[in-house]
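Accompanying notes for the structure given below.
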Amino acid sequence: MHNLTTKLKKLNYFWKRSQVPTQEPVEISIIDKLIIFLICIVISIISSYKLLLVPFLQSSVVVSWFIAFFEILISCGFLILVSRKENPTINSRQILLIISLLLIVQAIKNIFRFTISPLSIIVPPALIISQGMGTITALAWVSIASLSWPDSITEINKTLLLITLICSCIVSVLGGKIRSRAQLLQLSIFVPLGALFTQWLLIGDDQSSLVNNQEYFISNGKIFSDSLLLAIIMLIVILFIPIFESIFGLLTKARLLELADKEKPLIRRLSIEAPGTFEHTLLICGLAEEATRMIGGDIDLIKTGSLYHDVGKLHAPNWFIENQDGSKNPHDEIDDPLKSAEILQAHVDEGLKFARKNRLPKPIANFIPEHQGTLKMGYFLHKAEEKKLNFKESDFRYKGPIPQSKETAILMLADGCEAALRAMDIKASDNEALETISKIVNSRQIDGQLDDSNLSKGEIFLIKKSFLNVWKRIRHRRIQYPTIKNNTFS
């Protein structure tokens with residue numbers, strides 16, 4: 001019994017140590033909070049005002065309205081809470097989008113409740129939210145939108161409402177995982193077809209003829225018209241998703257994959273004008289991607305962020321060692337550590353300018369300053385100490401901020417480990433490589449660079465192991481082929 005208690009205590013200890021610290025949500029201004037609250041009030045009024053439209057207003061009616069009003073208001077608050085819990089970096093524009101979609105849906109329910117199917121009202125917004133804000137937020141939105149009808153739910157075909165809820169949940173789950181526009185198009189075809197088949201199976205429609213009855217295409221409850229309208233609206237939504245991405249700062253997986261295309265102008269420039277930096281970027285990308293996969297992070301985000309993290313070096317590629325041919329180093333010519341430190345900081349500042357000019361989404365632009373955090377520029381700090389210059393330590397630190405997400409923190413660690421691992425002897429043991437990785441990671445921890453990253457100790461351990469695994473894969477010998485006149489070996 002004593003051994004069992006001891007084991008349970010140990011398990012509890014390791015569980016607590018491995019837990020992710022709570023990440024503070026992005027602060028929202030008072031003006032934005034007020035606008036969001038007013039929209040929630042309008043939603044509550046739209047959803048409940050019909051309870052007051054009776055010939056004789058009695059206290060029981062007022063109480064029913066009061067309960068319905070606050071039920072919707074609390075639901076809106078719950079939806080905002082869920083969205084901020086799922087994505088602490090969500091901004092006020094994105095919250096306004098979620099709430100505004102709910103407002104539009106509630107208004108449509110009042111105006112077109114007898115002419116438009118619930119399928120066409122609820123499913124398309126679920127696709128937008130799942131693509132931009134995540135599956136859990138979309139599911140919460142669908143739950144509220146499906147249950148909060150202005151009229152009694154008994155006046156709606158319950159089977160149709162159930163089909164709507166199932167279709168919306170499918171779109172919410174798949175929409176959060178879809179990684180291309182082609183898959184979105186497939187979803188816009190198969191979901192309406194599934195709704196058509198399910199309605200035909202569970203509801204049927206014996207009162208209409210597909211060929212002769214015009215109502216078949218425009219009336220609520222006509223299974224073909226419901227599915228056709230749903231397909232059309234979903235296709236329209238897919239066409240407008242890039243506009244939503246731009247206006248509300250949404251970052252969908254399809255958008256991330258588009259940005260990760262190496263033929264994009266900025267990445268192409270990097271490969272041509274700063275080939276050493278580009279090669280360094282690809283190596284870091286491999287390390288960071290493996291580590292992110294190991295801890296269950298956003299692989300598409302870090303893959304794309306890694307490609308753009310050093311674009312600021314395009315402003316002066318030859319000032320960075322990986323782009324130099326070995327003949328001369330401009331830093332040796334100026335022989336001024338303070339000036340050299342300013343040039344290093346400039347690659348971050350210029351990178352942010354490139355990001356704004358090329359309209360990179362903010363989560364991608366965040367990789368540019370956060371992968372350096374407030375790290376010391378050790379080489380030039382040492383040079384300044386040798387020269388006994390008058391300086392402050394802050395003169396040789398990047399401006400930051402320190403990593404604010406797991407992905408940017410992983411990139412910082414990969415950036416530090418890449419050069420050290422590549423420089424190791426090919427005969428080095430796994431323990432030696434792991435010791436090198438641990439020294440770099442631990443130094444970042446001691447320096448406070450990972451304090452805001454939301455990485456747990458267990459995840460940091462997994463990151464170290466993943467870096468080691470990547471190093472073991474790329475550390476390999478090449479056979480020395482014999483040299484002959486007509487060399488046909490490969």
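Key figures for this structure:
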quantity	calculated
Residue-averaged [θ]222 nm for the chain, counting only DSSP H segments that reach four residues, each worth -39500 (n - 2.57)	-22000 deg cm²/dmol
Over 21 Å (Cα to Cα) - which of K33/K177; K313/K376; K362/K392 fall in this group	K33/K177; K362/K392
Least to most buried among E342, E290 (fewest other Cβ within 10 Å first)	E342, E290
For region 249-401, alpha-carbon Rg relative to the globular expectation (2.2 N^0.38 Å, N residues)	1.11
For the chain, convex hull of alpha carbons as volume per residue, Å³	271 Å³
Loop-resident sites, region 383-442, for trypsin sites (Lys or Arg not before Pro), counting at most 11 other Cβ within 10 Å (DSSP)	K388, K392, K427
Kirkwood Rh and Cα Rg combined as Rg/Rh, region 25-255	0.99
For region 277-335 versus region 56-97, the gap between their alpha-carbon centres in whole angstrom	46 Å
Greater than 21 Å apart at Cα, pairs in K439/K472; K406/K465; K253/K303; K303/K457	K303/K457
Region 97-169: chymotrypsin sites (Phe, Trp or Tyr not before Pro) in DSSP loop, at most 11 other beta carbons within 10 Å	F114
Per DSSP, loop chymotrypsin sites (Phe, Trp or Tyr not before Pro) in region 52-100 with at most 11 further Cβ within 10 Å	F56
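FYI, it's all coordinate maths here, none of it is from the lab. In this text, all values refer to a predicted model and were calculated from it rather than measured experimentally. When we count neighbours, we look across all protein chains shown, and the Cβ atoms used for this are built from the backbone with ideal geometry, even at glycine.
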